[in-house]
Amino acid sequence: MNLRFHASCATLALLAAFSSTTALAQAKLTVAGYGGSFEDMMRKEIMPAFEKKTGAKLEYVAGNSTDNIARMQAQRGNMEVDVAIVDDGPMYQAVALGLCGDLKGVNFADLYPVADMKTGKSVTIGVVATGLMYNTKYFADNKMPAPTSWNDLKDPKYRKKLVIPPMNNTYGLQTVIMMARLHGGGEKNIDPGFKVMRESVAPNVLTFEAQPGKMTELFQSGQAIFAVWGSGRVKAFQDTGFPAEFVTPKEGAMALGISICPTAKPNPSPLAQQFIDFMLQPDTQVVFAKGSGAGPVHRKTQLPPELQKGLPYGEAVGKLLTTDWDTVNANRTAWNNRFTREIER
């Protein structure tokens, strides 16, 4: 009887261990984030490291910020996405719409001020600069000087060789804002930006393209030689061997924060907070900088010299131009519709 008792205890212990291991192995976290080179980095570097650390299984849903927020809205009440990674402007919208849950355990003292979105529900995990990109080989072969200014977008020598994302993409939005600022307006007076885009910039645009893969195809085929894009996207393109160069315009580059939030769910997975913390760790921030070209927000992150070129890093983060997101988000739907009607037509 004693032997039976010990055997039963041993069997129960094994079953408990097996159940625990199985539960851990079956734990799943769904992350929504950008596509293109960002998705490649997530799948090849970030996700395997997190899975190894936690034993969880990560699923990734790719899409631009607008797509992912629309996905979260469609899933409201039955949210499949656990963590969302979107641009900082749309993130403020997501928070206002009640799509994000509360952050827990983020130590903002370890982060640069730009990381604190002051929502209590989202945090910036990396910063890229919105500026200009050009094909260095084409420019050299044709003895053309490198672009230096936002106003170069108006130069007719780029007619049908220029690519700019549409206004529902942050890069496109910030282009219109800069055109407004340089011509007497700004977020609170966007009309000058639309006027310059319509009359002087749009005639040079080959296409208003939001998808990173399509953008690189246009450059690789020689159809495009000049673009508005982010420093992170340009770095990823450079890493493929393409002769691309990022330019910080003399008037300044605009900051684009890559933000993250746990989604609003009745019973959120504890893995969501773990994943956010993991994304903010210095070691991960180095991988993030290397794979996405995002400047790190954790103060203790040390980037090797070869990674610092072209990235907002340390004090450089404070020199980026910021966006008045309160004004933008209050008008963005109307502006997007106007852009489609007046500029993309």
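The values are calculated or read from the model by the stated rules, or taken from the named source; none is laboratory data. Owing to the predicted nature of the structure, the values given are computational and were not obtained by experimental measurement. Cβ sites come from the backbone with ideal geometry, for glycine too, and all protein chains shown count toward neighbours. The area values use the complete protein model at the heavy-atom level, side chains included, leaving out ligands, DNA and RNA. Shrake-Rupley method; radii C 1.70, N 1.55, O 1.52, S 1.80 Å.
Some points to look at:
- Positive minus negative residues near residue 56 (Lys, Arg vs Asp, Glu; Cβ under 12 Å): +1
- With the convex hull constructed from alpha-carbon coordinates only, the chain shows a mean projected area of 20.6 nm² over all directions.
- Taking a Cβ cut-off of under 13 Å around residue 199, the surrounding Lys, Arg, Asp and Glu residues balance to a net charge of +1, with basic ones at +1 and acidic ones at -1.
- The alpha carbons of the range 187-345 give a radius of gyration and a Dmax of 18.5, 52 Å, in that order.
- Cα-based shape type of the range 168-211, given that a ≥ b ≥ c are square roots of the gyration tensor eigenvalues and the cut on a/c is 1.5: oblate
- Solvent exposure ordering (accessible area, 1.4 Å, most first) of 71, 233, 341: 341, 71, 233
- Probe 1.4 Å - accessible area at residue 76, Å² to nearest ten: 120
- Nonlocal amide H pairs with residue 245, under 5 Å, H built at 1.01 Å: 134, 136
- Carbon and sulfur %, accessible surface of the range 45-161 computed with the full protein complex present, 1.4 Å: 50
- For the cross-link pairs 52/265; 53/319; 137/214, the ones whose C-alpha atoms lie over 30 Å apart are 53/319.
- Heavy-atom surface analysis with a 1.4 Å probe gives the range 256-340 a carbon and sulfur content of 52 percent of its accessible area.
- Residue 182 accessible area, assembled protein chains, probe 1.4 Å, Å²: 60
- Anisotropy class of the range 162-281 from Cα gyration tensor, a/c 1.5 cut: oblate
- At a probe radius of 1.4 angstrom, the accessible area of the chain per residue rounds to 46 square angstrom.
- Here the sum of -39500 (n - 2.57) over DSSP H runs of 4 or more residues, divided by the residues of the chain, equals -12500 deg cm²/dmol at 222 nm, to the nearest 500.
- The order of 59, 187 by accessible area, most exposed first and with a 1.4 Å probe, is 59, 187.
- Evaluating 6.51 cos²θ - 1.76 cosθ + 1.60 at θ = phi - 60° for every residue in the range 97-106, the Karplus couplings come out as 7, x, 8, 10, x, 7, 6, 9, x, 7 Hz, glycine and proline recorded as x.
- Close amide-amide hydrogen proximity is noted between residue 59 and 29, 30, 31, each under 5 Å apart and 5 or more residues distant or on a separate chain (H modeled in the peptide plane; Pro and chain starts excluded).
- Cα shape, the range 89-208, gyration tensor, a/c 1.5 rule: prolate
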